[in-house]
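Data first, discussion second: the structure below is written as C-alpha cells.
The values are calculated or read from the model by the stated rules, or taken from the named source; none is laboratory data. Since the model is a prediction, treat every value here as computed from it, not as a measurement. Don't worry about glycine lacking a Cβ; one is built from the backbone with ideal geometry, like all the others, and counts go over all protein chains shown. Side chains included, ligands, DNA and RNA excluded: accessible areas come from the protein's heavy atoms. Shrake-Rupley method; radii C 1.70, N 1.55, O 1.52, S 1.80 Å.
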Amino acid sequence: MTTPAQDKLRVGILGAGGIARAHAIGWTAHPERAEIVAFADIDTERAQQMSDTWTGGKALAFGTGEAMLAEAEIDVVDICLPHHLHTDAIIAAANAGKAVLCEKPLCTTLADAARIRDVVRETGVVFMGAHNQLFQPSLLEARRLMAGGFLGTPYLLRSIETFQSRTWQQFGNGAGTQRDWGWRSDVRQTGGGELIDTGYHGTYRLLSLAGSRPVEVTAVLSRFFQQGLSTEDTAMVIVRFESGAVGEILTSWALDVVGNKHFEVQGELGALSGGPVSVEHQLYGWEDSATKRFEPVHTFTLEIGHFIDVVRGDAPNPSDIDETARTLQVIKAAYLSADLGRTVQLPEDPTQPATVDGASAATPTGVTVSDDSKA
Ligand SMILES: NC(=O)c1ccc[n+]([C@@H]2O[C@H](COP(=O)([O-])OP(=O)(O)OC[C@H]3O[C@@H](n4cnc5c(N)ncnc54)[C@H](O)[C@@H]3O)[C@@H](O)[C@H]2O)c1
C-alpha cells in the first residue's frame, strides 16, 4: 500500500536505537501528514520507551519486525537497524506492500543489493535510501549553481565527511569515555568500517555533485586513531566519472578538516566549496569569493518530509534503489581497490561488483613517462 487513502501515512519504525530518535524527530515534525503508530526493537523496553517519548505511549511496541508487520496497520517501514539486518527487513516490508525508508548503508553486499532491487521492482513499493545529507541547503544550492552552468564543466570534486570521535556517546547508548563499538566492531554486521558507515554520506554526496556514472575507483584505507577497530577509521577514495571529472571522498573517525567543509568543486569557470551552513564560490577573475549562508536545518526532518512527498507521488526520489546501490557499489569497489592495491573498474549495473580486468572508459588513467634521462 504505497499511496494510502487516509490523510496520514502510518509509520512503523524498526530499530529503536540512536538514529531512530533522529527519525522520530523527523516524523513528528510532520503531524498533518504522518504518524508513528509502531516501534519494533529486539529490546522491547526500548521500543516502548520510544513510544512513550514520541507518541505518549500511543504507538504499539513490538519485539520483532515480523510481529510489527503482522499486527500493526502501517503504510511505511522506517528501517533503523544495524547494517546486516537491512536486507531481510527491506524484503519483508516490500513483500508486505509497505513503502520503505532505510538507513544507510542499503545493505552489506552487492548480491543482497541485487536481491533487494528485484523485490522492490516486483512489488512496486516505494524505496528510498535515508540519505539525509542530500537535504543540506548548501549542497542543494551548489547543485543548483552547477546545473545552471555556473562552473562550466566540473573537473575536480571533493566530498568530506569527517569527525574525530573521542567521546563515543554519539552512537548507541554507551556511557563513559571509552567507546563500546557494539555491533560496529563486527565486520560481519557492518560490512566494512568507517567508509561503509559514516563514509556512506561522503559517497552519495560526491555522486550527487558529479551527476555522472562512476567508472573507476582507487582507494587507500588507514587506521590512524581508533585502535579499537579492526577496520579502517579513515578512507581516501578517488573516483573517476564517465564525464571525465575526478572525485575524491575523504572520510574519517580519526580527524577533522578546518572549517567543517563538506564539499569542493573546481570547474572550467570557477570553484565552490560548502559546509553545513554556507556555500562559497569564486569564478576565475573575481578578486574575492562570495558566500551565501543558511540557517542550520535538521536534515532528517527534511528527508522525511521529502519521503512523504515521494510516497504520495509528489516528488522525485533522490535515492531510489539504483542510486542507493550505486553508493554501495563505489564503497565496495573502494574496499576491493585498497585490498588489491590497484585501481578497479565499475560495471554499469550498480548491483554488480567492480572488476579488475580492464582500462576504464575513455578517460586517461596514466601517461607513460620514461625514467631514463637519455630516452
Ligand atoms: N544518517 C546518519 O547520520 C546515521 C547516524 C547513525 C546511524 N545511522 C545508521 O542507522 C542504523 C542504526 O544505527 P544506530 O546508530 O541507531 O544503532 P544502534 O545500535 O543505536 O540501534 C540499533 C537498534 O536496533 C536494535 N536491534 C538489533 N537487532 C535487532 C533485531 N533483530 N530486531 C529488531 N531490533 C534490533 C537494537 O536493539 C538497537 O536498539 C545503521 O544503519 C547506521 O549506519 C545513520
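Things to note:
Residue-wise test of (1) surrounded by fewer than 21 Cβ atoms within 10 Å (Cβ to Cβ); (2) touching a residue at least 12 places away in the same chain (Cβ under 8 Å); (3) within 25 Å of the chain's Cα centre (by Cα).
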{"residue": "ALA22", "(1), (2), (3)": "yes, yes, yes"}
{"residue": "THR28", "(1), (2), (3)": "yes, yes, yes"}
{"residue": "ARG33", "(1), (2), (3)": "yes, yes, yes"}
{"residue": "ASP43", "(1), (2), (3)": "yes, yes, no"}
{"residue": "MET50", "(1), (2), (3)": "no, yes, yes"}
{"residue": "GLY56", "(1), (2), (3)": "yes, no, no"}
{"residue": "ALA59", "(1), (2), (3)": "no, yes, no"}
{"residue": "GLY65", "(1), (2), (3)": "no, yes, yes"}
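Here's the yes/no breakdown for (1) more than 16 Å from the ligand (Cβ to nearest atom); (2) touching a residue at least 60 places away in the same chain (Cβ under 8 Å); (3) within 29 Å of PRO350 (Cα to Cα):
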position: ASP197; (1), (2), (3): no, yes, yes
position: ARG240; (1), (2), (3): yes, yes, yes
position: SER243; (1), (2), (3): yes, yes, yes
position: VAL257; (1), (2), (3): yes, yes, no
position: PHE263; (1), (2), (3): yes, yes, yes
position: LEU269; (1), (2), (3): yes, yes, no
position: VAL279; (1), (2), (3): yes, yes, no
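- Residue in the stretch 70-92 that is least open to solvent (accessible area, probe 1.4 Å), counting only those that are more than 13 Å from the ligand (Cβ to nearest atom) and not in a loop (DSSP other than H, G, I, E, B): VAL76
- Meets criteria (in the same structural domain as GLY313 (by TED's automatic domain parsing), in a loop (DSSP other than H, G, I, E, B), touching a helix residue (DSSP H, G or I) at 6+ places or on another chain (Cβ under 6 Å) and more than 14 Å from the ligand (Cβ to nearest atom)) for GLY97: no
- Of the residues making up the stretch 245-255, one or more are in contact with a Pro (Cβ under 9 Å, 6 or more places away or on another chain) and surrounded by 14 or more Cβ atoms within 10 Å (Cβ to Cβ).
- If you go through the stretch 295-308 and keep only what is under 22 Å from the mean Cα position of the chain (by Cα) and either within 18 Å of HIS201 (Cα to Cα) or open to solvent by 30 Å² or more (accessible area, probe 1.4 Å) (or both), you end up with PRO296, VAL297, HIS298, THR299, PHE300, THR301, LEU302, GLU303, ILE304, HIS306, PHE307.
- Condition check for GLN48: in a helix (DSSP H, G or I) and within 14 Å of ILE13 (Cα to Cα): yes
- Residues located in the stretch 17-54, provided they are among the β-branched types (Val, Ile, Thr), more than 27 Å from GLN133 (Cβ to Cβ) and away from the ligand (no atom under 13 Å from the Cβ): VAL37
- Here GLY259, GLY267 are screened, and the one residue that is touching a Pro at 6+ places or on another chain (Cβ under 6 Å) and either not acidic (Asp, Glu) or not assigned by TED's automatic domain parsing to the domain that holds ILE79 (or both) is GLY267.
- Pick from the stretch 185-213, criterion among the charged types (D, E, K, R) and surrounded by fewer than 23 Cβ atoms within 10 Å (Cβ to Cβ), ranking: modelled with the lowest pLDDT: ASP186
- The test for being within 10 Å of the ligand (Cβ to nearest atom), out of contact with any Pro (no Cβ under 6 Å at 6 or more places or on another chain) and farther than 30 Å from ARG293 by Cα holds for GLY63.
- Lone qualifier among VAL311, VAL279 - being open to solvent by less than 10 Å² (accessible area, probe 1.4 Å), modelled with pLDDT of 95 or more and assigned by TED's automatic domain parsing to the domain that holds LYS98: VAL311
- Residues of the stretch 102-135 satisfying the condition of being within 16 Å of the ligand (Cβ to nearest atom), open to solvent by 20 Å² or more (accessible area, probe 1.4 Å), closer than 21 Å to GLU303 by Cα and not in a helix (DSSP H, G or I): LYS104
- Residue under evaluation ASP320, criteria (1) in contact with a strand residue (DSSP E or B) (Cβ under 7 Å, 6 or more places away or on another chain); (2) open to solvent by less than 30 Å² (accessible area, probe 1.4 Å), criterion not met: (2)
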